[in-house]
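In what follows, a single structure is set out as structure tokens and then discussed.
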Amino acid sequence: MSGTNARPTERGEPTRPTRPTGPTEPTEPTEPTENGDRLSRTAIGVFRLNGRFLSVAEELSGPAGLTAARWQVLGAVLGEPLPVSGIARSMGITRQSVQRIADLLVGQGLGEYVANPAHRRAKLLRPTADGRAAVSRITPAHAEFAARLAGELGEEQFALTVQVLERLSAAMDTLTSTAGRPPESSGGSGRG
């Protein structure tokens, strides 16, 4: 027992070692920083925008017989067939969520699985002719909403907004792992 801070009980039996109650490492500042405030405001803004975009997507996709999620997955494979994991990565959501939607699309005849030459078990999802037709029915309302948004923001600011959001997305991809945790670093905390 030497070298520990265990104390015997009244019966003479040792107790568990006590742990220090105070901090053992230097603490981070508890006051918000300017960059911390920017991060919070950005996150709240993006969360609010996500809700608005989903609402608009539901309104646009509904008349075509789709949901926002089904439109999003079909949209991801319009250019080329992709495995479910690739769709999930490009959309920043779980593979299981995309798998569920992809299976529903296949069940509706809007998508189909095809062989993947790069991987025997991971089939590729591609839209069927009916799937492409459903997405094309959304295009006029989508274009009209995009024109209204461009009118509200101005063409130049709309283009700049796209660039800033793409840069933010790339930076978040760089700074976070697939589990959503910052990668181990050898330098400072990088917070603030």
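Quick one: how many residues across the range 65-103 are of a type in the set (S, T, N, Q) and buried (at least 18 other Cβ atoms within 10 Å of the Cβ)?
The number of residues fulfilling the criteria is 1.
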Exercise. Do you know which residues across the range 52-64 are surrounded by 14 or more Cβ atoms within 10 Å (Cβ to Cβ) and touching a residue at least 24 places away in the same chain (Cβ under 8 Å)?
Worked result: 56, 60, 61, 64
Exercise. Under 6 Å by Cβ, and 6 or more places apart or on different chains, what pairs join a residue from the range 142-157 that is closer than 23 Å to residue 61 by Cα with one that is part of a helix (DSSP H, G or I) and not β-branched (Val, Ile, Thr)?
Worked result: 142/60; 150/158
Exercise. So which of 126, 120, 132 ends up being more than 17 Å from the chain's Cα centre (by Cα), assigned to a loop (DSSP other than H, G, I, E, B) and either of a type in the set (Lys, Arg) or at pLDDT 95 or above (or both)?
Worked result: 120
Exercise. Hey, among the residues in the range 135-167 that are open to solvent by 60 Å² or more (accessible area, probe 1.4 Å) and of a type in the set (A, V, I, L, M), which one's nearest to the chain's Cα centre (by Cα)?
Worked result: 165
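The values are calculated or read from the model by the stated rules, or taken from the named source; none is laboratory data. All figures in this text were calculated on a predicted structure; none of them were measured in a lab. Using ideal geometry, Cβ is built from the backbone for each residue, glycine included, and neighbour counts are taken over all protein chains shown. Note: areas computed on protein heavy atoms with side chains; ligands, DNA, RNA excluded. Shrake-Rupley method; radii C 1.70, N 1.55, O 1.52, S 1.80 Å.
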